[in-house]
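The values are calculated or read from the model by the stated rules, or taken from the named source; none is laboratory data. Computed from a prediction, not measured in an experiment: that's the story for all the values here. Cβ placement follows ideal geometry from the backbone for every residue including glycine, while neighbour counts extend to all protein chains displayed.
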Amino acid sequence: MSAVFDFSPAAIAELARADAARALEEDVGGGDLTAALVDPKRRALARVLARESAVICGAPWAEAALRQVEPGAKIEWLVREGERCAADQVVLQVEGSARGLLTAERTALNFLQLLSAVATKTATYVEAVRGTRARIVDTRKTLPGLRLAQKYAVRTGGGTNHRIGLYDAVLIKENHIAAAGG
């Protein structure tokens, strides 16, 4: 089944921008009270270290979060999107305003952790069925508001998208049969 969302780089960038804006609004609200205590002229270099081997996924979301708070940040990916990193490997370095990096940090990390976890688990299952005719296919059981991001992560991990929502395919389950009277 083909997906309705095109997953092109431009579409992913816009999706990531919108998701990051919504997440930052939820987290930062009227301002980061703790980061406001840091000298506004202070610069920082942050490194994201993978605690375990993973398929890195979520770079567009992490970058969108960082750029929305710290537009001038220098972002350097040491492990590219879709590549596997080793445990204790630095995957990303960011340089910019200490205030901005502190404010964007949790949102960027949340996206990177969630999407890398989905891609990594998917890649594990894809490897398990390699050499067979089986395909690893996703479901709609995603976090509210993050369906397309998680489906992107499944693709990054080598899986296949089944359907995006209720609107693009029919899937009859027991509860449908029961509700229809048998």
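Listing for the model above:
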quantity	calculated
Tally of residues being over 18 Å from GLY58 (Cβ atoms), surrounded by fewer than 18 Cβ atoms within 10 Å (Cβ to Cβ) and within 25 Å of the chain's Cα centre (by Cα) across the range 131-182	12
Residues (at pLDDT 85 or above and either under 24 Å from ARG147 (Cα atoms) or in a loop (DSSP other than H, G, I, E, B) (or both)) located in the range 168-181	ILE172, LYS173, GLU174, ASN175, HIS176, ALA180, GLY181
Flag if GLU95 is surrounded by fewer than 19 Cβ atoms within 10 Å (Cβ to Cβ) and of a type in the set (Asp, Glu)	yes
Total residues in the range 1-15, condition in a loop (DSSP other than H, G, I, E, B), within 17 Å of the chain's Cα centre (by Cα) and exposed (fewer than 13 other Cβ atoms within 10 Å of the Cβ)	2
Verdict on ALA20 being within 22 Å of LEU143 (Cα to Cα), among the hydrophobic types (A, V, I, L, M, F, W, C) and in contact with a Lys or Arg (Cβ under 9 Å, 6 or more places away or on another chain)	yes
Test result for TYR167, touching a residue at least 40 places away in the same chain (Cβ under 8 Å), closer than 21 Å to PRO9 by Cα and aromatic (Phe, Trp, Tyr)	no
Neighbours by Cβ (under 9 Å, 6+ apart or cross-chain): first from the range 116-138, within 19 Å of GLU52 (Cα to Cα); second of a type in the set (Phe, Trp, Tyr)	VAL118/TYR152; ALA119/TYR152
Hits in the range 130-164 - residues which are touching a helix residue (DSSP H, G or I) at 6+ places or on another chain (Cβ under 8 Å) and outside any loop (DSSP other than H, G, I, E, B)	LEU148, ALA149, GLN150, TYR152, ALA153, VAL154, THR156, THR160
Residues of the range 40-70 satisfying the condition of being of a type outside the set (A, V, I, L, M), in a helix (DSSP H, G or I) and within 14 Å of the chain's Cα centre (by Cα)	PRO60, TRP61, GLU63
Residue in the range 16-39 that is surrounded by fewer than 20 Cβ atoms within 10 Å (Cβ to Cβ) and in a strand (DSSP E or B) present	no
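Conditions (1) over 25 Å from ALA18 (Cβ atoms); (2) charged (D, E, K, R); (3) in contact with a strand residue (DSSP E or B) (Cβ under 8 Å, 6 or more places away or on another chain), marked per residue:
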site	(1), (2), (3)
GLU52	yes, yes, no
LEU66	no, no, yes
ALA86	yes, no, no
LEU92	no, no, yes
ARG106	no, yes, no
GLU127	yes, yes, no
LYS151	no, yes, no
